[in-house]
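All remarks here apply to the structure that follows.
Please treat every number below as a calculation from the coordinates, not as lab data. Bear in mind the structure is a predicted one, so any value in this text is a computation, not a measurement. Don't worry about glycine lacking a Cβ; one is built from the backbone with ideal geometry, like all the others, and counts go over all protein chains shown.
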Amino acid sequence: MANFNKVLLMGNLTRDPELRATQGGTNVAKLGMAVNRRWTGQGGQTQESTCFVDLTAFGRQAEVIQQYCRKGSPLFVEGRLEYSTWTAQDGQKKSKLEVIIENFQLLGAGGKGQAGGRQAGAPAQGLDDPGFGQESEGEIPF
């Protein structure tokens, strides 16, 4: 039987990304996202619900997310679900479902210094790397 594990999400960050490094030197960014859903109920009233999702990015992606994203920033991510279990110090079994980011796009105001875009003074392409922007518009090479 074939398997497929792909997640596409667009929402706003619920906190500033936290960047850390593994013992091997790989950068890891942990962040949270809120994805809102609106619909009209049977009575004609607009209803809304929010799904909160934990995300993890590795390597250069982690660095870029930490540099250009803040709480409230809109972000589009493509990734996979990963389920983790562990035993806490108090002996309780814990579990967590999170999204491992495989690709992403920065969204929003772009260059206006607002939470949703590049910070004021950031390069128009979003990165200082020479050759950045050679790919299709809006994508970050990794």
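If packing is taken as the average count of other Cβ atoms within 10 Å, what order do 80-90, 96-106 fall into, highest mean first? If you can, show how the numbers build up before the last one.
Working: 80-90: 9.0, 96-106: 16.1.
The densest-packed peptide leads the list: 96-106, 80-90.
Using a 10 Å cut-off on Cβ atoms, rank the peptides 51-63, 67-79, 14-26 from the highest mean neighbour count down. Kindly include the intermediate steps, with their values, before the conclusion.
Values: 51-63: 16.9, 67-79: 18.6, 14-26: 11.5.
Going from most to least packed, we get 67-79, 51-63, 14-26.
If you plug each phi of the range 55-66 into the Karplus form 6.51 cos²θ - 1.76 cosθ + 1.60 with θ = phi - 60°, what whole-Hz ³J(HN,Hα) values come out, in order, with x for Gly and Pro?
Listing the rounded values in order: 10, 9, 10, 10, x, 4, 4, 4, 5, 5, 4, 5 Hz.
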